[in-house]
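For reference, the structure is listed below as structure tokens.
The values are calculated or read from the model by the stated rules, or taken from the named source; none is laboratory data. The structure presented is a predicted model; accordingly, all values stated were derived computationally and were not measured. Positions of Cβ are generated from backbone atoms using ideal geometry, with glycine treated the same way; all protein chains shown enter the neighbour counts.
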Amino acid sequence: MVDPRRYKAATDSSRWEIQERCAKRALERNLLVVLPTGSGKTLIAIEAIKMTLEREPKRSVIFLAPTVPLVVQQAEKIADELEFDGMGDGTDRHHTIGICENRLQAAHDDQRADFAHVLHSCQVLACTPVKLLHALMSARISMDQIALLVFDEAHHVSRSDPYAVLMQYFYRPLPVEARPRVLALTASPWVALPAKEEEQTLEGAQQTLARIEADLDATVDIEAVREWSGLGAPLTPAPRSPRVAVALPPAAVPPRLG
């Protein structure tokens, strides 16, 4: 049961301890973080990014968000929290973050629209999943170059969603030891349930979480859910958002057996 007074009284240190423990678990297994808006899911991702780069400085981290404005917003927050610089000339990628832009956004600087160049020049790259898909489909990069793959707004995943396509065709075919770790973030499992509140059920939410877990090869961080609930935090349903369907080129679709 939600206790607003206890939630409001929770100290920043209590919240940070939960976030830090969650980030550490993300180093050990693929994790689906299901916490309410305002609980610091992005801070969990940032701490996991920091720990990952300390462990694997030669590999990269890719932060995915479903829309360009969200990509820019999250990249700015990551840069601010980790004191990272923007993409330079590529001679020193240490402590740098880049956003792979489209041709129009790049303002005649083709390097900023070149996914492989941005990935080579920065330790962290933020982009939409469609951008990453295009780079993988064209063999500009390979999935095994990535140490950690962060999926923001993970409730967007569905069979034809770019998140699911990335996992099915470019993550799962890799040997387990070559796969990046996955950290998925979502505010609520209710987003895929009926629009009417009275039609939403706990069983439906559980089914939705099970589907997201399967699609993103990640398991819900139950410890974080319990710890955050212990602060009296509400699990607020996230708003519904439109999804982007992706049509794969024939070459990217595995051939039929037999």
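Within the range 218-227, is there a residue that is closer than 30 Å to K58 by Cβ, at pLDDT 85 or above, out of contact with any Asp or Glu (no Cβ under 9 Å at 6 or more places or on another chain) and surrounded by fewer than 19 Cβ atoms within 10 Å (Cβ to Cβ)?
Checked the range 218-227: no residue is closer than 30 Å to K58 by Cβ, at pLDDT 85 or above, out of contact with any Asp or Glu (no Cβ under 9 Å at 6 or more places or on another chain) and surrounded by fewer than 19 Cβ atoms within 10 Å (Cβ to Cβ).
Out of C100, C127, report the one residue that is of a type outside the set (D, E, K, R), at pLDDT below 90 and more than 19 Å from K50 (Cβ to Cβ).
Result: C100 is the single residue among C100, C127 that is of a type outside the set (D, E, K, R), at pLDDT below 90 and more than 19 Å from K50 (Cβ to Cβ).
Taking into account only those residues within the range 185-215 that are surrounded by fewer than 16 Cβ atoms within 10 Å (Cβ to Cβ), farther than 18 Å from D161 by Cα and of a type in the set (A, V, I, L, M), which is modelled with the highest pLDDT?
L202
Could you give me the residue pairs with C-beta distances under 6 Å whose first residue belongs to the range 1-23 and is more than 14 Å from G230 (Cα to Cα) and assigned to a helix (DSSP H, G or I), whose second residue is aliphatic (A, V, I, L, M) and modelled with pLDDT of 50 or more wherever it lies, and which are 6+ apart or on separate chains?
C22/I44; C22/A224; A23/I44; A23/A48
Just the residues that are within 17 Å of L43 (Cβ to Cβ) and either at pLDDT 95 or above or aliphatic (A, V, I, L, M) (or both), please, taken from the range 65-77.
A65, L70, A75, listed by residue number.
Give E47, E81 a once-over and let me know the one that is modelled with pLDDT of 90 or more, closer than 24 Å to K131 by Cβ, part of a helix (DSSP H, G or I) and of a type in the set (D, E).
Answer to the selection: E81.
So which residues in the range 18-35 are within 13 Å of K50 (Cα to Cα) and among the acidic types (D, E), if there are any at all?
E20
Looking only at the range 113-134, which residues are over 13 Å from V165 (Cα atoms) and touching a Phe, Trp or Tyr at 6+ places or on another chain (Cβ under 8 Å)?
If the condition is that a residue be over 13 Å from V165 (Cα atoms) and touching a Phe, Trp or Tyr at 6+ places or on another chain (Cβ under 8 Å), then Q123, V124, L125, A126, C127 are the ones that fit.
Here's a check for you: in the range 139-184, which residue that is part of a loop (DSSP other than H, G, I, E, B) and among the β-branched types (V, I, T) is modelled with the highest pLDDT?
Among those that are part of a loop (DSSP other than H, G, I, E, B) and among the β-branched types (V, I, T), it is I141.
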